[in-house]
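A short worksheet on the structure shown next.
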Amino acid sequence: MVIINFSYNNQDFLKTIKDLIGKYDVLDVTGVLPKGSTIINVKALDPQLIILRNTVKDMIDAIGDVSLVGINKTTQIRDIEWNGLNLFWQTSISEKYPTRSFLTDLFYLKNIIKKGLVSLAKKKILVILPSVYSAVYCTSIRNYLIQKCLAAEVDFNYQLKKHYFAGPRTFFKKIRMGLDQSMKFRKKLKDIRTNTKGSQFNNYVVTTCPGTWEENNQEDRILGKIHNYRFGSSSTYLPYFNDLETNINWSGKWDHTYIRSFPTILQLCNHSLKAFLVYRKIRSLRDIDFKNIDFIDGNVLAYEFQKVVFDQNYVFVNYLWMRNHFSLCKHKTNIFFQDEFYPTGGRFISQAINRTNNKNMTSYGVQHGIIYEGHTVYNMTPVELECNKPFNGLPKPHKFILWGDFFKEVLNKNKAFADDELVVAGNLNYIVTAEKYKKLNNKNSVPGILWCTANDYLIKDQFDILKPLLASLTDYQLVIRFHPMLNIKDKLIEVIDKDIMNKVVFKNDNDIFDAIFKADIILAITASSIFMDALVLNKMVFQFKIDGHILSDFPNKNTLVIDSEEKLIQAYNDLLEGKYAKDQLSSQKLLHMSDGKWREILSV
């Protein structure tokens, strides 16, 4: 038997096969499992990641093909919508994010086998899927592994939820629950203070509440600088509530027009009634002939669509809310938002703007992190983006603001965007920060080490590399910052020696630049975007190597990949000797550091 791991949560693996560890070979397609004599990291078989790069292209092409599958002579999968928001583009399959969709890893395994690097021929297979998945995925995956990989028999981990397609009573009970939730939220809005009886704003910055919004302070950690850079035009935040159960208790006044644009009782009821039509269309997906598409079936798509309807009530409410508001804008207005191509982020915002067809509005997606060749969410084809009927393509902003020319080249590798849709304007936060720290100096009494962590399964190997350097220093301070979504303090306490823990400071405030500025040594993983933040301050970053992570060849000089304790010690000594001079680390191609384009955009 061979065990194949498709789960990015290693607990799914450990709970399923704790009695089988060491007895059978394990093909880890994700790269998250700890090293072991019987565990094969599939990505290590592809050291140049050539197969993975080709796999990404295969997968994004396949998503476009799925969206075009016909339900009948006049309707394609991408045409199914609920109140104008297309359901397919709200699914995790269309999102293409590896930890939320198995397709990239499934295709990768097939291509690895095709190259003869591993073989599953005539073998019994145990597949570990994320335990949050439904068992509905099993049939299509089993067929794919048998047909494409020649496996003899395929079984799955026992934690998977039993799949069910809701009957009419259950379906509409869920719809009624969503309607009740929306009505209760509507009542909460009556207590919000507003600041004007008529919208006079030229620039709206969409931010999530709660989320990037800071409590009791109308400041978005990522997009806040746009709001502050007014240049004579009025601007305000536009809240997007990603939790309708939240208590609304923030201070400050909100835009009257937006708050009063919340869907009316009639609109909410009408939206719920339209679910009858949606239900019939979702049921019909189970009988579709997918012809040459062999990696998913109608049951998978029906389940994905149903999941969107059940789990994304807050998305649809915000979508209707924004449509109401955007239709009222009578003067030139800019809308700025991030997470442009995520289903529960920018996709529905773009669709809300597009559906209003308001010529006074221009929507701007704003780059919020590094875009690289293997970032499947930002790897799109013309097939996905282009509409063969009004509004049925993957929703996109009118324009996309990028940090530098390099990111423009990467994003448009597949020629999916018109040149004038991609605007290189720089990152306002970076531009302001660089100016702030330009004249400041920092000198630590003891070496300051900043370690920016990620997933817990990576920590032990990283600490083993770091520990000898710490032992060589007579004194130091180790500052540890978690990824915003991954607080792994318990794992760190378990791994780090007690005498070293006495010198550790856990620091996760919003100002990462202050931590970078005060650090002598900065450590992160090759998959981290910290090196971009460090580049703003012309600081060097030593990166722990992670197998299988595609980063394009960035034109920067402020990173060094570390894969051994000896290399880290040598890198530190080189740093002390001045090998990495600040004036040699900047990169204009990565970071456009002038605010001129922003001034032009914001001065509508």
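The values are calculated or read from the model by the stated rules, or taken from the named source; none is laboratory data. Model, not experiment: these values are computed from the prediction. As a convention, Cβ positions derive from the backbone with ideal geometry for all residues, glycine included, and neighbour counts pool all protein chains shown.
Every condition in (1) under 20 Å from the mean Cα position of the chain (by Cα); (2) charged (D, E, K, R); (3) in a loop (DSSP other than H, G, I, E, B) is met by residue 384 except one, and the failing one is (3). Candidates in segment 391-413 are the residues that are at pLDDT below 95, within 26 Å of residue 68 (Cβ to Cβ) and not β-branched (Val, Ile, Thr); of these, the one that is nearest to the chain's Cα centre (by Cα) is 411.
Annotation: residue 377 fulfils all but one of (1) of a type outside the set (Phe, Trp, Tyr); (2) buried (at least 22 other Cβ atoms within 10 Å of the Cβ); (3) not in a loop (DSSP other than H, G, I, E, B); the unmet one is (2). I'm trying to understand the selection: among the residues of segment 494-517, which are more than 24 Å from the chain's Cα centre (by Cα), among the charged types (D, E, K, R) and assigned to a loop (DSSP other than H, G, I, E, B)? Result: 497, 503. Among residues of segment 290-316 that are free of Cβ contacts under 8 Å to residues at least 24 places away in the same chain, those with a Cβ under 6 angstrom from a residue that is not hydroxyl-bearing (Ser, Thr, Tyr), sequence gap 6+ or separate chain, pair up as 298/285; 298/286; 298/288.
Scanning segment 425-458 for residues that are among the β-branched types (Val, Ile, Thr), in contact with a strand residue (DSSP E or B) (Cβ under 7 Å, 6 or more places away or on another chain) and either within 30 Å of residue 597 (Cα to Cα) or surrounded by 15 or more Cβ atoms within 10 Å (Cβ to Cβ) (or both) yields a count of 2.
Scanning segment 12-23 for residues that are without any contact (Cβ under 8 Å) to a residue 12 or more places away in the chain and in a helix (DSSP H, G or I) yields a total of 1. Of the residues in segment 119-161, how many are in contact (Cβ under 8 Å) with a residue 40 or more places away in the chain and of a type in the set (D, E, K, R)? Counting residues in segment 119-161 that are in contact (Cβ under 8 Å) with a residue 40 or more places away in the chain and of a type in the set (D, E, K, R) gives 3. Of all positions in segment 584-604, at least one carries a residue that is outside the structural domain of residue 468 (by TED's automatic domain parsing) and of a type in the set (Val, Ile, Thr). For segment 447-460, the set of residues classified as at pLDDT below 90 and either assigned to a strand (DSSP E or B) or more than 26 Å from residue 369 (Cα to Cα) (or both) consists of 460 only.
Just one of the listed residues (523, 478) is more than 28 Å from the chain's Cα centre (by Cα) and part of a strand (DSSP E or B), and it is 478.
When each of 179, 129, 189 is tested for being in the same structural domain as residue 41 (by TED's automatic domain parsing) and among the hydrophobic types (A, V, I, L, M, F, W, C), the lone residue that passes is 129.
For (1) closer than 30 Å to residue 143 by Cβ; (2) surrounded by 23 or more Cβ atoms within 10 Å (Cβ to Cβ), each residue gets a yes or a no:
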{"position": "272", "(1), (2)": "no, no"}
{"position": "279", "(1), (2)": "yes, no"}
{"position": "286", "(1), (2)": "yes, no"}
{"position": "297", "(1), (2)": "yes, no"}
{"position": "307", "(1), (2)": "yes, no"}
{"position": "311", "(1), (2)": "yes, no"}
{"position": "315", "(1), (2)": "no, no"}
{"position": "322", "(1), (2)": "no, yes"}
{"position": "327", "(1), (2)": "no, no"}
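In segment 35-46, the residue that is surrounded by the fewest Cβ atoms within 10 Å (Cβ to Cβ) out of those that are in a loop (DSSP other than H, G, I, E, B) and either without any contact (Cβ under 8 Å) to a residue 40 or more places away in the chain or β-branched (Val, Ile, Thr) (or both) is 37.
Scanning segment 400-448 for residues that are without any contact (Cβ under 8 Å) to a residue 12 or more places away in the chain and among the small types (Gly, Ala, Ser) yields a count of 2.
Is it true that residue 55 is surrounded by fewer than 18 Cβ atoms within 10 Å (Cβ to Cβ) and modelled with pLDDT of 90 or more? Against the criterion (surrounded by fewer than 18 Cβ atoms within 10 Å (Cβ to Cβ) and modelled with pLDDT of 90 or more), residue 55 does not qualify. Could you go through segment 94-102 and let me know if any residue there is buried (at least 20 other Cβ atoms within 10 Å of the Cβ) and on the phi > 0 side of the Ramachandran plot. Within segment 94-102 (the criterion being buried (at least 20 other Cβ atoms within 10 Å of the Cβ) and on the phi > 0 side of the Ramachandran plot), the answer is yes, since at least one residue qualifies. Checked against the criterion of being more than 18 Å from residue 163 (Cβ to Cβ) and out of contact with any helix residue (DSSP H, G or I) (no Cβ under 6 Å at 6 or more places or on another chain), the candidates 129, 109, 85, 120 yield just one match: 109. Among residues of segment 459-474 that are outside the structural domain of residue 524 (by TED's automatic domain parsing) and surrounded by fewer than 17 Cβ atoms within 10 Å (Cβ to Cβ), none has a Cβ under 8 angstrom from a residue that is in a helix (DSSP H, G or I) and of a type outside the set (D, E, K, R) at a sequence gap of 6+ or on a separate chain. Within segment 24-34, if we keep just the residues that are part of a loop (DSSP other than H, G, I, E, B) and under 18 Å from residue 110 (Cβ atoms), the residue that is nearest to the chain's Cα centre (by Cα) turns out to be 30. Filtering segment 58-69 to residues that are touching a residue at least 60 places away in the same chain (Cβ under 8 Å) and either of a type outside the set (S, T, N, Q) or in contact with a Leu (Cβ under 7 Å, 6 or more places away or on another chain) (or both) leaves 59, 60, 61, 62, 63, 64, 65, 66, 68, 69. Among the residues of segment 82-101, just one is free of Cβ contacts under 8 Å to residues at least 24 places away in the same chain and either within 21 Å of residue 275 (Cβ to Cβ) or part of a loop (DSSP other than H, G, I, E, B) (or both), namely 101. For segment 485-504, the set of residues classified as loosely packed, with under 12 Cβ neighbours inside 10 Å and touching a residue at least 12 places away in the same chain (Cβ under 8 Å) consists of 486, 497, listed by residue number.
For residue 110, the conditions (1) over 24 Å from residue 312 (Cβ atoms); (2) charged (D, E, K, R); (3) in contact (Cβ under 8 Å) with a residue 60 or more places away in the chain are fulfilled apart from (3).
Each row is one residue, and each column tells you yes or no for (1) in contact (Cβ under 8 Å) with a residue 24 or more places away in the chain; (2) in the same structural domain as residue 108 (by TED's automatic domain parsing); (3) within 18 Å of residue 410 (Cβ to Cβ); (4) in a strand (DSSP E or B).
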position: 341; (1), (2), (3), (4): yes, no, yes, no
position: 344; (1), (2), (3), (4): yes, no, no, no
position: 349; (1), (2), (3), (4): yes, no, no, no
position: 352; (1), (2), (3), (4): yes, no, no, no
position: 358; (1), (2), (3), (4): yes, no, no, no
position: 362; (1), (2), (3), (4): yes, no, no, yes
position: 365; (1), (2), (3), (4): yes, no, yes, yes
position: 372; (1), (2), (3), (4): yes, no, yes, no
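When restricted to residues that are part of a loop (DSSP other than H, G, I, E, B) and crowded, with 17+ Cβ neighbours inside 10 Å, segment 103-117 contains 0.
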